[in-house]
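Take a look at the structure set out below.
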Amino acid sequence: MSDHDVPSVAELWRYPVKSLLGERLASLDLVADGVAGDRMWGIQDLADSRILTARREPRLLFAASRIGSDGLPVITLPDGTGLSGLGPTIDSALSVWLGKPVALVPAAEREPARAEYFADATDDSSRAIEWTMPRGRFVDAFPVLLLSTAALAAAAAGYPAGAWEVRRFRPNILVRHGGQGWVEDDWADRVIHIGSARLVPRKRCIRCTMVNRAQPGLDRDVNIYKALLRSHGGEGGMWTQVQGPGLVSVGDALVFP
């Protein structure tokens, strides 16, 4: 295998506030339970105590989040308004934006939180199914998501008219891979060295209506999920655990011992 054929890190993403747009970074610090700073905060609906996601509240994908120099979240609302940190002022601004009482809350200080997904990923009026997220972060199931460019290309082949941008799929690590098909499926339960970290992909990510949602520059498109369902059972990318903490950077090769 030539250097050109070795899979490597193409993009790195962190999403400080659940379901808001995240930040593309040159490096990620992987700690024992995931990406440092990833999904450490969520917007809680004070009426029912659930953490909002863009499944239930699509407007979330038109705001963005990053981590400020003080280690606290910085949110940019769709109108460009910037909100920094936590507290009543932030909660009030978010409540005005969403038109209901909400609060920005840290995952680390809560019991495992509840969220929802729709039984039919193409129909927002279908039955809502509730599940409980892992303790400590507002992640759906596993702490890290890996996705390859080969998988995106395989999905796009089934629906060429779709906008198959990586932003729809919200991985932490996008892997540049010159192969064909859903190459990361074969990585399940294998140790991967990336930079100074060790990762173990565990299972295919079950996709939902999130991949269809509109966001800046992307229209709502339920055919994205339908194409995934036809080609790969509605799944794509690998839910992944951190076996050994370390630093991962763009350009790092994936090494399979």
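The values are calculated or read from the model by the stated rules, or taken from the named source; none is laboratory data. This structure is a prediction, so every number in the text was calculated from the model and none was measured. Backbone-built Cβ (ideal geometry, glycine too); neighbour counts: all protein chains shown.
Checked against (1) at pLDDT 95 or above; (2) in a loop (DSSP other than H, G, I, E, B), Gly179 passes all but a single condition, namely (1).
Listed by position, the strands (runs of 3 or more DSSP E) inside the stretch 71-159 whose residues that are modelled with pLDDT under 90 number at least 3 are 114-118, 128-132.
Within the stretch 165-182, can one find any residue that is closer than 22 Å to Glu57 by Cα, within 17 Å of the chain's Cα centre (by Cα), of a type outside the set (Lys, Arg) and surrounded by fewer than 21 Cβ atoms within 10 Å (Cβ to Cβ)? For the stretch 165-182, residues closer than 22 Å to Glu57 by Cα, within 17 Å of the chain's Cα centre (by Cα), of a type outside the set (Lys, Arg) and surrounded by fewer than 21 Cβ atoms within 10 Å (Cβ to Cβ): present.
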